[in-house]
Structure formats: C-alpha cells, structure tokens
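Heads up: the structure comes next, in structure tokens.
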Amino acid sequence: MSAEAVIESTSARLLEQTAIDPDYGVMSIVGGADLEDTVGEDDKGPVWGKATLVAFRFGTCYFGVFGLVVAVGLIPVILKGIGTDGPWSVIRGLFHAARAPIAWIGEHLLGLSVQSTQVGSDSAFQWTALFCIAFLAAVATAMWTVLDRGRPRYDRLQAWVCTVLRLVLATAMFYFGMAKVIPTQMPFVLNRLVEPYGNFSPAGVLWAQVGISQPYQILLGLAEVFGGLLLLLPRTTAAGALVCVVDLTQVFLLNMTYDIRLKTVSSQLLLLSLFLLAPYARRLLTAFFTDRAVPAATMPQLFARPRANRIALAAQLVVGLALLAAFGGQGWQQFTRPTPNLYGIWQVETFSSEGYPRDPLITDKIRWRRVIFDRPFHVSAPVMVTVQRMDDSFEVFGGTIDPRKHFIDLTHQIELGTYKETPVRIRLTYWWPGQPNQMIVDGDDYAGHTVHLRVTRMDPASFPLVERGFNWVQEAPYNR
C-alpha cells in the first residue's frame, strides 16, 4: 500500500473515532479519555469572538472585586460560626478606610446624600460602591484589552476565575440558605399576632408570611443550599448556576415587589450566576429547544498535572463544606437560644400610673394594651420585650429577666424596622398573685411614669393564624 493510501486510511479511522461539532469543537475520542482532562492551553480550541473576550475581561474584573467584598462581608459570620473573632478587626479597618472616598464620590459626582455609617444593602453608599466597582472594572477592561489584544482565548484563566467565583457564589447561597434551613432569617414573631395588618410594611408582610410556615421556609433554604452544593464541583457548575439563577430570580423579584432592603445584593448575585452560566448557554439552548445531540463539554483545568487538579478539587470541597458547617453552627446557636421565662402575649387587665387607675381609652398615650415577651431574634439581648400602647403603636426593648429576683431589666430600646439598638436603663418587677396565668408588674420610672399593672397571659393558639394548622380534608374554603 502506498504512503498516500496509508495516510488517507488512518485519517478516515480517526474521523470515525472523533466526535466533531462545528459549534463545540472536538469533544471526545471514542475509547479514550475526555479532552476536558487535557484542554487548558490558550492556543487550543476555537478563537473567542471580540465581544466574548471583552465580556470575560469585564466580568472577571467586576465580579472579582464584588466577590472580594462579599467574602470579607461574610468573614465575621464565618468566624462567629466557628467560635472565634480571628483577624477580622484588621480586615475591617482596611475596608473602613475606603468609606470616605466612596462617600465623597457619591456626594460630589453622583449627587447622592451618602452616609458612610450606613453601608448596608440598597443604601446610597452601596449604590455608589457598585458604581465605583463598575467604573474601575471598565477602566481595567479597556487597559487589559489594549495590552493583551493578541490573546485568542483564556482557557486556563477562565478555569481559575470560575473556580473562585463558584466558591464566592456558593458561600453566599450557603449563608442565605442556612438562615432558612435553620429558620432564623424570617422567624415567627409574637408581635405580628396583635399588630394591625395595615401597620405592616410590605417587607413585614413577606417576613410574617414566610415565618408562619417553617416547612416552606426550610424548603426555600434547601433550594439555595442545593445550588451552592452543586457549585462546589466543576462538573456540576452548569446545574448549580442554573439552580442559583432560578433561586435568585425569585429572591430578586420578591425584593423588588416587597421593597426589601436586599435589592443590590440579590441582583449582583443573580448577575454572578448568569456570568457562571454563560459558557454553557449555547449548550443549554441546544438541549432545551432543538433536537440536536449535545456533545460532552470541554472544561479547562486549573493545572496541567492530574494529581494537582485532584488536590484542588478536594480543597474546594473541604472549604465549601466547612463554610456550610460554619453557617449552620451560627444559625443553630441563634435558633436554640432559650425561650424567656415569661414568653407569651400578656393582656393588660388593669393599669395605674402615679397611683391612679387609667381606663382603656385608645386616646391614652400612657396606658398599655399588651406586653409581649418573645425570643431574641435579631436582638442581642436574651429577651425581646414589646409594649403595645392603646393606639396599637409599639415600643420594643431588649433586656433580661431574673426569675430569682423577679426583675425585668430593659437594656436597649430597639427601633422598629431597622433593629437599631439604643442603650436604656429601665427596671420592672413582677410577682404572681396566685391566680393561673396572671402577673403583677410594677415600674418606678417607665418613660417618666410610675406604673402598676395586672396582666393575663393569652394563649397564642387562640389566634386562627396559629391554631388553623394543615388540613388535607376541607369541606369548605377557610380564607378569612
């Protein structure tokens, strides 16, 4: 056989053994290892388009900085979950140094009223910070494009960028997910049982709706944790990013429609999910909307040596599961805080101030209607004490109860909606008159008044919202 015939025959056999697709390139060789185990050099595979190169560079710069901010923001939660403060004070000092220039940019360039002490989600400070990140990312992208304009693709860098951002997104999903799996993000609060519905904020409506159904809240959290777990493995990145897109789209819509102060965070996490999903977009569209077969994916590796890649994969799993355990531990500590001794809603039967009885008039700004002792969700003190006045307004305090001395010490007044705490010093005493579920409360200086009241404990199960429960069989609708 001539040399030309041998070459032609060999080429034909290789073509039969090789799966080639014009959209995806060489995917695998029959009987051999996937090319995803070896691809990783920037000169292999099809050349990326200019738009793809620019989008990758901008996404790397933007989400790189955003991921760093997310990671640092969650450091205190992680450290608290493992029972230490660690070097957080040093890291916090470094980030506090950036507050002044960001506030200056917001005030002088964007015309915003920026408070450097209010840096939470949706604050003017955070919107300004996102603008700064986007501007710096755009400048870095332009410089990168000029200096590296001859590069055809970024396989190895893409592997590293996606690995880091996968862990960042997984960390955020674990944080928010475990706060629902261990239902502490949206707790059942006794105040809501006696507060007029019209006084609720839109965010309060959503919080109360989810808080009354622990199974629903837990399922929401499991969906978020599931997305984070899938992100820990390179081979399940597409599935994890897709689950996160679904989860975060729902979260973002709820934040927008209920005016919840997490719009910036949820929107950026959603964009990060889409960025991680982008390399798989064409394959997903082909699988869902055409009848074409989708070949195996090529996945660039972090290292050239298989052993190094296996070690890197093990490290990712260890870090991810450790973060999940830390968030779970922190949530469990909060969830298992002891129930206060006086837990419940107490109806005021009689009320005296300065020794004179006060009738239950809704115009009385001194008389109490109810006093509520609740678990300390979102409050640093061991017990949350709420005074409901006759006009249904609330005063909320954090404090302690001494069952031996019968003292109720109110140590912090809590601002409704923000949970901002202001130190106060108010002492009440209580004693039992010998009748079931009744208590006498005295105070020498509550808002400048001497108070004496007799209260009766209400059964939370007397409220339909608590008593109704779940019913498979319903002969008639019960929607009141």
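The values are calculated or read from the model by the stated rules, or taken from the named source; none is laboratory data. Small disclaimer: the values here were computed from a predicted structure and weren't measured. Cβ sites come from the backbone with ideal geometry, for glycine too, and all protein chains shown count toward neighbours.
Which of the residues belonging to the stretch 344-368 are touching a residue at least 40 places away in the same chain (Cβ under 8 Å) and either among the aromatic types (Phe, Trp, Tyr) or part of a strand (DSSP E or B) (or both)?
GLY344, ILE345, TRP346, GLN347, VAL348, GLU349, THR350, PHE351, SER352, SER353, TRP368 - these are the residues of the stretch 344-368 that are touching a residue at least 40 places away in the same chain (Cβ under 8 Å) and either among the aromatic types (Phe, Trp, Tyr) or part of a strand (DSSP E or B) (or both).
Given the criterion part of a loop (DSSP other than H, G, I, E, B), modelled with pLDDT of 55 or more and among the hydrophobic types (A, V, I, L, M, F, W, C), identify the matching residue among LEU53, LEU112, LEU68.
LEU112
Could you please find all residues in the stretch 304-329 being more than 30 Å from ALA179 (Cα to Cα) and touching a residue at least 60 places away in the same chain (Cβ under 8 Å)?
Of everything in the stretch 304-329, those that are more than 30 Å from ALA179 (Cα to Cα) and touching a residue at least 60 places away in the same chain (Cβ under 8 Å) turn out to be ALA304, PRO306.
Among ALA138, ALA203, which is farther than 30 Å from GLN334 by Cα and out of contact with any strand residue (DSSP E or B) (no Cβ under 9 Å at 6 or more places or on another chain)?
Matching residue, one of ALA138, ALA203: ALA138.
So which of LEU416, LEU410 is under 18 Å from ARG370 (Cβ atoms), touching a Phe, Trp or Tyr at 6+ places or on another chain (Cβ under 7 Å) and assigned to a loop (DSSP other than H, G, I, E, B)?
None of the other options fit; the residue is LEU416.
Can you give me the number of residues within the stretch 195-251 that are among the aromatic types (Phe, Trp, Tyr), surrounded by 18 or more Cβ atoms within 10 Å (Cβ to Cβ) and farther than 30 Å from PRO460 by Cβ?
0
Could you say which residue among THR249, THR257 is more than 30 Å from ALA159 (Cα to Cα) and at pLDDT 95 or above?
Just one listed residue meets the conditions, THR257.
May I ask you to list the residues in the stretch 260-300 that are of a type outside the set (A, V, I, L, M, F, W, C) and in a helix (DSSP H, G or I)?
If the condition is that a residue be of a type outside the set (A, V, I, L, M, F, W, C) and in a helix (DSSP H, G or I), then LYS263, THR264, SER266, SER267, GLN268, SER273, PRO279, TYR280, ARG282, ARG283, THR286 are the ones that fit.
Please work out if THR336 is among the polar types (S, T, N, Q) and over 21 Å from the mean Cα position of the chain (by Cα).
Criteria not met by THR336.
Looking only at residues in the stretch 400-418 that are without any contact (Cβ under 8 Å) to a residue 24 or more places away in the chain and under 31 Å from the mean Cα position of the chain (by Cα), which one is farthest from TYR343 (Cα to Cα)?
Here the answer is THR418.
Which of the residues belonging to the stretch 403-423 are touching a Leu at 6+ places or on another chain (Cβ under 9 Å) and exposed (fewer than 14 other Cβ atoms within 10 Å of the Cβ)?
If the condition is that a residue be touching a Leu at 6+ places or on another chain (Cβ under 9 Å) and exposed (fewer than 14 other Cβ atoms within 10 Å of the Cβ), then PRO403 is the only one that fits.
Tell me whether the stretch 239-249 contains one or more residues that are assigned to a loop (DSSP other than H, G, I, E, B) and over 16 Å from PHE176 (Cα atoms).
Within the stretch 239-249 (the criterion being assigned to a loop (DSSP other than H, G, I, E, B) and over 16 Å from PHE176 (Cα atoms)), the answer is no, since none of the residues qualifies.
Quick one: how many residues across the stretch 440-469 are aromatic (Phe, Trp, Tyr) and either loosely packed, with under 10 Cβ neighbours inside 10 Å or without any contact (Cβ under 8 Å) to a residue 24 or more places away in the chain (or both)?
Qualifying residue count for the region: 1.
For THR429, are the conditions met, namely being more than 18 Å from TYR343 (Cβ to Cβ) and at pLDDT below 90?
no
Answer with yes or no whether PRO187 is in contact with a helix residue (DSSP H, G or I) (Cβ under 7 Å, 6 or more places away or on another chain), more than 17 Å from GLY73 (Cα to Cα) and outside any helix (DSSP H, G or I).
So PRO187 fits the description; yes.
Give just the number: which of (1) crowded, with 19+ Cβ neighbours inside 10 Å; (2) at pLDDT 90 or above; (3) not in a strand (DSSP E or B) does TRP472 not satisfy?
Every listed condition holds for TRP472 apart from (1).
Counting only residues that are without any contact (Cβ under 8 Å) to a residue 60 or more places away in the chain and basic (Lys, Arg), how many does the stretch 270-303 have?
Total satisfying the criteria: 1.
Which number in (1) more than 23 Å from the chain's Cα centre (by Cα); (2) in a helix (DSSP H, G or I) marks the one condition that LEU220 misses?
The one condition LEU220 does not meet is (1).
From the residues in the stretch 143-174 that are of a type in the set (Lys, Arg) and assigned to a loop (DSSP other than H, G, I, E, B), which one is farthest from PRO234 (Cα to Cα)?
The extreme case among them is ARG149.
Would you call ARG337 free of Cβ contacts under 8 Å to residues at least 12 places away in the same chain and either among the aromatic types (Phe, Trp, Tyr) or part of a loop (DSSP other than H, G, I, E, B) (or both)?
In short, no.
Would you mind finding the one in LEU324, LEU342 that is within 30 Å of ALA71 (Cβ to Cβ) and buried (at least 18 other Cβ atoms within 10 Å of the Cβ)?
When all the criteria are applied, what remains is LEU324.
Need the failing condition index for GLY177 against (1) in a helix (DSSP H, G or I); (2) modelled with pLDDT under 95, just the number.
Only one criterion is unmet by GLY177, namely (2).
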